[in-house]
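Let me begin by presenting the structure, written as structure tokens, before commenting on it.
The values are calculated or read from the model by the stated rules, or taken from the named source; none is laboratory data. Just so you know, these numbers come straight off a predicted model, no measurement behind them. A quick note on method: Cβ atoms are made from the backbone with ideal geometry, for glycine too, and the neighbour counts reach across all protein chains shown. All accessible areas refer to the heavy atoms of the entire protein, side chains included, with ligands and DNA or RNA removed. Shrake-Rupley method; radii C 1.70, N 1.55, O 1.52, S 1.80 Å.
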Amino acid sequence: MPKAFPAPDSHGGDRDVCIVSRNGVERQANILERHGEEVYVHYVNTDKRLDEWVAERDVRPAGGHEAEVAANGHSNGATRKRKRGSTDGQSSRRGSPVQANGDTAAGSEQPEDQDANRADTSTITEEEYDIEHHKQITAKRNFDKVIFGKWQIRTWYFSPYPLTESEAEDAGVPNAQAPPAPGRIPGVARSSIRSHGRTSDLFAGGLGRSHGVGQNSILWVCDRCFKYMAEGQAWELHVRKCTRRSPPGRKVYQRGAHIIWEVDGAKEKLYCQNLSLFGKLFIDIKTLFFDCDNFLFYILTDADSQRDHVLGFFSKEKVSYDDYNLACIVVLPPYQKKGYGMLLIEFSYELSRRAGKVGTPERPLSDLGLRSYLTYWVSTLVRFFRRLLSVLPPDTAQVTTTGLTTDISDAIALSPSRDTEDGSSISKKRRKSTKGWDGEEIPASAIAHRTAQLNDTNDPMWTSLRSIETTANLDGSATTHVVVRCTLADIARATNLRIEDAAFALNECGLLGRRIRKDSSGETEELMAITREMVEAVAKERNVKRMGMDLAHVLL
């Protein structure tokens, strides 16, 4: 018989519905905690990273209908009773009620032996117990700011940094000026340095630290080794003597000063654990465990004359039965919106391609993650269609022939010039410089390797599915069109995307919905028609850019 636990007590006051007035704008919110003259609020239907402490004078109780809408997430008046009799204290992160299996709708008849069944509803399984306490712990940030090198960064989410033995004892000492210590989770011992890697102890420590921290909770993290400290003085002493210059792994990509390092979680456990803890401050939906042995970490750095500065990273399972090529990805807030996230995503797909697999990110995706991946999928498809629907190869903008020949393939090499990804052509005299990001010369072998990949015509998409049709005009000229007849599976295989991801991206950018009906052998077919003009319209609308990763600089 599975072990049973008592259901956690609900705290309806922690989910009071209110109206927050900031800068003349009123917004509905749930109050998660009160501390002095401040309240910690979660705005309804927004991401948790926007939760914040506000002055109590800026908060007023919501009206009846407003409270119902905020509590239920809708205004249709329908409510639900929870099987365990829980209150608003067990609401989900977006304000909608948590429903357990067997919930009944309001107004339905309850059985007469409800009192007999009440004993069963007062206990929950161990798994449900862990989930409820996990929600309780991670409901709000346990640190408001983090000092990371020269940066002071506002955190987004909870991260289970553990309490040491001394911190746990201090949290339990009564103090008139300190907030009351939270109740311990039954059956979970306090954490210590020796029990650092146990998830239950980390959650217990996180629960103690997240209670009543107000707006002044600051975490100090070394930007070299990611060691964390609770005091600035200890951080300053550590930074002076920290000798780490780069992540403890091997280089797998280098283009100028930008380097991607591969770090094995089994070999560098402490470094990867600290890195994961720091990354969790900016990731919400991923559950963080300290068993890093089965993961590889790919860390992007920017080098100067002294050392390498970490810009972001992604983790990847060594063996994924679902062929996930990325578990979680983080670009540190000071370096966001500079293309580094796209570079890491492109590299994760390159790892899958070299392994002979079609990869995809681990689900579920956050809102920011889905936006980034949609950008990558659309950009990949646009670049593919540009190449596929071009008469001339990507490195040729003009062909000059002599005599009566009309075979384009025989004359391509006569007048080559560069054709950029945005469709504009550049003559051979104005070819782009072969300088790298920090001015180093790109080897001729690397340029040849990249050109060979762009001109690879061994794929069936070019040999059997793609045809060039030339039609004579009345004035003696000719019009040449590229016609490709293929399936969605062919497109996904050529772009190394999963069919579901390719279909989702095509639908989002409006290319999947354009269909025509064509009669063939007396039957009606429903086909999807994509033209180069449609592709360029999507490229302009989505602001598709060049690839951030150069295959010539991959060191695998």
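The residue that is farthest from residue 244 (Cα to Cα), among those in region 310-323 that are part of a strand (DSSP E or B) and either open to solvent by 50 Å² or more (accessible area, probe 1.4 Å) or in contact with a helix residue (DSSP H, G or I) (Cβ under 6 Å, 6 or more places away or on another chain) (or both), is 317.
Which condition does residue 18 not pass, out of (1) more than 30 Å from the chain's Cα centre (by Cα); (2) of a type outside the set (D, E, K, R); (3) surrounded by fewer than 17 Cβ atoms within 10 Å (Cβ to Cβ); (4) modelled with pLDDT of 60 or more, if it passes all the others? All conditions pass for residue 18, except number (3). For region 346-364, filtered to residues that are open to solvent by 20 Å² or more (accessible area, probe 1.4 Å), within 18 Å of the chain's Cα centre (by Cα) and touching a residue at least 24 places away in the same chain (Cβ under 8 Å), the residue that is farthest from residue 259 (Cα to Cα) is 364. Condition (residue is under 23 Å from residue 151 (Cβ atoms), in contact (Cβ under 8 Å) with a residue 24 or more places away in the chain and in a loop (DSSP other than H, G, I, E, B)) applied to region 259-272: is it met by at least one residue? Scanning region 259-272, I find no residue that is under 23 Å from residue 151 (Cβ atoms), in contact (Cβ under 8 Å) with a residue 24 or more places away in the chain and in a loop (DSSP other than H, G, I, E, B), so the answer is no.
Quick grid of which residues meet (1) of a type outside the set (D, E, K, R); (2) over 21 Å from the mean Cα position of the chain (by Cα); (3) at pLDDT below 95:
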position: 240; (1), (2), (3): no, yes, yes
position: 248; (1), (2), (3): yes, yes, no
position: 251; (1), (2), (3): no, yes, no
position: 277; (1), (2), (3): yes, no, yes
position: 312; (1), (2), (3): yes, no, no
position: 320; (1), (2), (3): yes, no, yes
position: 338; (1), (2), (3): no, no, yes
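Of the residues examined, residue 365 is not one that is hydrophobic (A, V, I, L, M, F, W, C) and closer than 30 Å to residue 464 by Cβ. Could you run through region 46-65 and say how many residues are surrounded by 13 or more Cβ atoms within 10 Å (Cβ to Cβ), outside any strand (DSSP E or B) and not hydrophobic (A, V, I, L, M, F, W, C)? Looking only at that region, the number is 7. The set of residues in region 528-554 that are among the aliphatic types (A, V, I, L, M) and in contact with a strand residue (DSSP E or B) (Cβ under 9 Å, 6 or more places away or on another chain) comprises 528, 529, 530, 549, 552, 554. Considering region 336-392, and only residues there that are β-branched (Val, Ile, Thr) and in a loop (DSSP other than H, G, I, E, B), the residue that is farthest from residue 299 (Cα to Cα) turns out to be 391. For residue 326, the requirement of being farther than 29 Å from residue 511 by Cβ and buried (at least 19 other Cβ atoms within 10 Å of the Cβ) is not met.
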